[in-house]
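Novice: Take a look at the following structure, please.
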Amino acid sequence: MDHKIAVNIANVSKSFGSFQAVRDVNLQLRQGEFFSLLGPSGCGKSTLLRMIAGFEDPSEGAIAIDGLPMEGTDANHRPTNMVFQSYAIFPHLNVEENIIFGLARSGLSRAEKREKASDMLSKVGLEGLGRRGAHELSGGQRQRVALARALVLEPKVLLLDEPMSALDKKLREQMQMELRALQRSVGITFLMVTHDQHEAMTISDRCGVMFEGRLAQVATPHELYQKPNTKQVADFIGGMNFFDGSIKANGGEKLDVELPWFGQVSVDAHGVSDGVGLPVTIGLRPERVHVGSRRPDGADVAVPARVIDRAFYGETIHYYLELEGRADPLIASVTNFERADHFEVGDPVWSGFRGGAAVALPRK
Amino acid sequence: MNRVAAVLSRVGRLLPAYAVLYIGFLYLPILLLPLFSFNDSKVLGFPLTGFTTKWYAGLAEQTALFSALKNSLFVAVVSAVVATSLGTLISRAISKHRYPLRRTSQTIVMAPLVMPEIIIAISLLIVFLGIGLGTTLFTVILAHSLLTIPFCVSIMTSAFGQFDDALEEAAVDLGETSWGALRRVTLPVVAPGIISCLLISFTVSFDEFILAFFLSGNSPTLPVYIWSQVRFPAKLPNVIALGSLLILVSILFLLAAERFRRRSERFTTQAE
């Protein structure tokens, strides 16, 4: 597929003194996509965002927006606008004045600015609140004002720095869907920074996962979840069971692996090109683990286990299964169907999985 | 435990009475001043002999007093502006930037607040005479700025401390220059603090006696003039009348300053 590039980040590094916040990042954002930078706090994702916005200069490498190199262009002249973590709503101005703040140099008349503000207000669902004072707004309203204030300038890229972290869970989920809808309706490239993998997966077209300043993987949420590139990514995105095995046969697409407990099974090779006899790590998502009182039918491999703990989440139940001699429990997530079997702590069960549900993780 | 609680609650019931006594002790003497200023007698004391406004009416003829008032207003306005400007810049540096000896410089700036004024007065007198500045209203302004800067620094440090730095970045992000961000965002947001600084330093300077006494030379400020008049019993009732007016003005100023301080808090702490 041919995509127009909105932001091109080439070999960008950033150091603060002896601390390397961002290490040699290469990333292309496509025009009109919703991209999330995901990672634990301190992984350099916010620094990368601030370099795109122009608040920090890269120590090495270059950033281009819409084909134009940004070196030497200050934040106030960049075609980017930002939604800050604190929203940074100007407290001495009302909602409308906040929204038209950035239009001061646009040459528009007062009436035209107000018209734009009112258009923007209805886009973010705040019709008629233009006269509201900044201190009279709820958390969700503040976020909408911050969005409107940035989008009214029609940036090439909208940057969002942890935009949901100030909201409570219920509102956060609602705003995620609204943000997604808003992005589709305005068609502007959104770049969001978040530490919440759930949030990133829910609303993004693509995600980039960062650890310790490095970009570990860039992929669609689906790909990221199903085929993580490293153990670190696999661990960060949802839960994952890991098994260390050795390669019996490598058929390119499929990898025959000898696993402890389960024996030989054929898994998704996921680019692992190592030869026979070499060690390999296999990842298996908890919801792909079958649990039953009898040997599960659909599983390629299955072994007896014992329930040592369970956690009830409502829509799912997590069973922590002990395999004889394995230190880490095998975690199985079972959907709470009407007729699902329920097990108690101490129950003997069978656990198994389909080979195609497991994925080999390339070694770094 | 229960007996301790019982004693405590009995003591607790006495607290309102204590508060009333405390406030009375603090403010009744000040209330005596306006009371005597309307009393038809040259002797300051009870019993009151009759109601009069002549001490207030007589104020108009006191030209020396009015020139002292003018001096005081001039000194207070100029030193308030100087102290507020410098105090604002200092606070901004302290709260926004990290530099060597930041804490030390903060302590040095705040020192005049705890140093005995008489010591400051004498040292300044020696220095000003030594470098040939003499003693004029200008030297009083310098001294009063020194004295009131700590007030401004503590008010503005708190205002900047609550200021979300993202506001300035947001302004720049929305296309403003850094100067524009200062003008359109930072200053308006901390404006209540600045006004509160102006009012406080004006009031402090206007009331100040020791520094002015040492440094004002031939052009006395109002407190210095009043002090010189206290020696003449005949003029005392006039001075009391003026004093009552000053108390009124001071109270109005402080109330205004407090209102602005609260507004500034509401401005800067609504972020959560």
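The values are calculated or read from the model by the stated rules, or taken from the named source; none is laboratory data. Please read these numbers as outputs of a predicted model, since none were measured by experiment. Cβ atoms come from the backbone with ideal geometry, glycine included; neighbour counts cover every protein chain shown.
Novice: Scan segment A:95-118 for residues that are surrounded by 14 or more Cβ atoms within 10 Å (Cβ to Cβ) and not small (Gly, Ala, Ser) and jot them down.
Specialist: Within segment A:95-118, A:Val95, A:Glu96, A:Glu97, A:Asn98, A:Ile99, A:Ile100, A:Phe101, A:Leu103, A:Leu108, A:Lys113, A:Arg114, A:Lys116 meet the criteria.
Novice: State all residues of segment A:65-79 that are in contact with a Lys or Arg (Cβ under 7 Å, 6 or more places away or on another chain) and either within 9 Å of chain B (Cβ to nearest Cβ) or more than 20 Å from A:Pro163 (Cα to Cα) (or both); if no residue qualifies, say none.
Specialist: Correct list: A:Ile65, A:Asp66, A:Met70.
Novice: Return the total of residues in segment A:276-299 being touching a helix residue (DSSP H, G or I) at 6+ places or on another chain (Cβ under 8 Å) and either assigned to a loop (DSSP other than H, G, I, E, B) or over 17 Å from A:Gln226 (Cβ atoms) (or both).
Specialist: Summing the residues that are touching a helix residue (DSSP H, G or I) at 6+ places or on another chain (Cβ under 8 Å) and either assigned to a loop (DSSP other than H, G, I, E, B) or over 17 Å from A:Gln226 (Cβ atoms) (or both) in segment A:276-299 gives 1.
Novice: I need the full set of residues from segment A:324-356 which are closer than 30 Å to A:Leu278 by Cβ and at pLDDT 90 or above, in order please.
Specialist: Correct list: A:Pro329, A:Leu330, A:Ile331, A:Ala332, A:Ser351, A:Gly352, A:Phe353, A:Arg354.
Novice: Can we say A:Leu215 is under 26 Å from A:Leu153 (Cα atoms), touching a residue at least 40 places away in the same chain (Cβ under 8 Å), outside any loop (DSSP other than H, G, I, E, B) and assigned by TED's automatic domain parsing to the domain that holds A:Leu158?
Specialist: no
Novice: If you take the residues of segment B:129-145 that are crowded, with 20+ Cβ neighbours inside 10 Å and of a type in the set (Ser, Thr, Tyr), which of them is farthest from B:Leu199 (Cα to Cα)?
Specialist: B:Thr139
Novice: Evaluate the following for B:Lys70: is it touching an Asp or Glu at 6+ places or on another chain (Cβ under 9 Å) and charged (D, E, K, R)?
Specialist: Criteria not met by B:Lys70.
Novice: In segment A:184-202, which residue that is in contact with a strand residue (DSSP E or B) (Cβ under 9 Å, 6 or more places away or on another chain) and farther than 16 Å from A:Leu49 by Cβ is surrounded by the fewest Cβ atoms within 10 Å (Cβ to Cβ)?
Specialist: The qualifying residue surrounded by the fewest Cβ atoms within 10 Å (Cβ to Cβ) is A:Arg184.
Novice: Out of A:Gly271, A:Gly252, which single residue is assigned by TED's automatic domain parsing to the domain that holds A:Thr335 and out of contact with any strand residue (DSSP E or B) (no Cβ under 9 Å at 6 or more places or on another chain)?
Specialist: Just a single option satisfies the conditions, and that option is A:Gly252.
Novice: Looking only at segment A:300-321, count how many residues are surrounded by fewer than 16 Cβ atoms within 10 Å (Cβ to Cβ) and either touching a Lys or Arg at 6+ places or on another chain (Cβ under 6 Å) or not in a strand (DSSP E or B) (or both).
Specialist: 3
Novice: Another question about this same structure. Just the residues that are facing chain A (nearest Cβ under 8 Å) and either part of a helix (DSSP H, G or I) or buried (at least 22 other Cβ atoms within 10 Å of the Cβ) (or both), please, taken from segment B:146-170.
Specialist: Correct list: B:Ala166, B:Leu167, B:Glu169, B:Ala170.
Novice: Tell me, which residue of segment A:137-158 that is within 14 Å of chain B (Cβ to nearest Cβ) and of a type in the set (Lys, Arg) is surrounded by the most Cβ atoms within 10 Å (Cβ to Cβ)?
Specialist: A:Arg149
Novice: Take B:Asp173 and decide whether it is in contact with a strand residue (DSSP E or B) (Cβ under 8 Å, 6 or more places away or on another chain) and within 14 Å of chain A (Cβ to nearest Cβ).
Specialist: Judged against the criteria, B:Asp173 is a match.
Novice: Anything in segment B:72-107 that is polar (S, T, N, Q), under 30 Å from B:Leu246 (Cα atoms) and in contact (Cβ under 8 Å) with a residue 12 or more places away in the chain? List them, or say none. Lay out the reasoning, then the answer.
Specialist: Looking only at segment B:72-107, we keep the residues that are polar (S, T, N, Q), and these are B:72, B:79, B:84-85, B:88, B:91, B:95, B:104-107.
Add one more test, that the residue is under 30 Å from B:Leu246 (Cα atoms), and what stays is B:72, B:79, B:84-85, B:88.
Those that are polar (S, T, N, Q), under 30 Å from B:Leu246 (Cα atoms) and in contact (Cβ under 8 Å) with a residue 12 or more places away in the chain: B:Ser72, B:Ser79, B:Thr84, B:Thr88.
Novice: Looking at B:Thr52, is it out of contact with any Leu (no Cβ under 9 Å at 6 or more places or on another chain) and either more than 20 Å from B:Leu248 (Cα to Cα) or touching a residue at least 40 places away in the same chain (Cβ under 8 Å) (or both)?
Specialist: no
Novice: In segment B:171-272, which helices (runs of 4 or more DSSP H) lie fully inside it and hold 2 or more residues that are crowded, with 19+ Cβ neighbours inside 10 Å?
Specialist: It comes to B:187-207, B:210-215, B:222-229, B:236-269.
Novice: Looking only at residues in segment A:159-177 that are surrounded by 20 or more Cβ atoms within 10 Å (Cβ to Cβ) and within 11 Å of another protein chain (Cβ to nearest Cβ), which one is farthest from A:Arg78 (Cα to Cα)?
Specialist: A:Asp161
Novice: Give just the number: which of (1) surrounded by 21 or more Cβ atoms within 10 Å (Cβ to Cβ); (2) away from chain B (no Cβ under 11 Å); (3) not acidic (Asp, Glu) does A:Gly32 not satisfy?
Specialist: Looking at each condition in turn, A:Gly32 falls short on (1).
Novice: Something else about it: Considering only residues that are surrounded by 21 or more Cβ atoms within 10 Å (Cβ to Cβ) and either within 14 Å of chain B (Cβ to nearest Cβ) or not in a loop (DSSP other than H, G, I, E, B) (or both), which ones fall in segment A:119-136?
Specialist: Result: A:Met120, A:Leu121, A:Ala134.
Novice: Considering A:Glu136, A:Glu199, A:Glu162, which residue is on the phi > 0 side of the Ramachandran plot and either more than 16 Å from the chain's Cα centre (by Cα) or in contact (Cβ under 8 Å) with a residue 40 or more places away in the chain (or both)? Spell out the reasoning first.
Specialist: Values: A:Glu136 fails: on the phi > 0 side of the Ramachandran plot; A:Glu199 fails: on the phi > 0 side of the Ramachandran plot.
Result of the check over A:Glu136, A:Glu199, A:Glu162: A:Glu162.
Novice: Right, something else. Name the single residue, out of those in segment A:80-108 being facing chain B (nearest Cβ under 8 Å) and among the polar types (S, T, N, Q), that is farthest from A:Leu49 (Cα to Cα).
Specialist: A:Ser86
Novice: Same structure again: Could you pull out the residue among B:Leu142, B:Leu133, B:Leu137 that is more than 9 Å from chain A (Cβ to nearest Cβ) and within 11 Å of B:Ala83 (Cβ to Cβ)?
Specialist: On inspection, the qualifying residue turns out to be B:Leu142.
Novice: Still on this structure, please answer the following. So if I check each of A:Ser266, A:Ser273, which one is among the hydroxyl-bearing types (Ser, Thr, Tyr) and in a loop (DSSP other than H, G, I, E, B)?
Specialist: Exactly one of A:Ser266, A:Ser273 is among the hydroxyl-bearing types (Ser, Thr, Tyr) and in a loop (DSSP other than H, G, I, E, B), namely A:Ser273.
Novice: Would you confirm, using the coordinates I've provided, whether B:Leu242 is among the aliphatic types (A, V, I, L, M) and closer than 27 Å to B:Gly87 by Cα? Don't jump to the end; show me each part of the working.
Specialist: Values: among the aliphatic types (A, V, I, L, M): yes; closer than 27 Å to B:Gly87 by Cα: no.
Considered against the rule, which asks whether it is among the aliphatic types (A, V, I, L, M) and closer than 27 Å to B:Gly87 by Cα, B:Leu242 comes out as no.
Novice: Right, A:Thr281: in the same structural domain as A:Gly346 (by TED's automatic domain parsing) and free of Cβ contacts under 8 Å to residues at least 40 places away in the same chain or not?
Specialist: Here the answer is no, as A:Thr281 does not meet what is asked.
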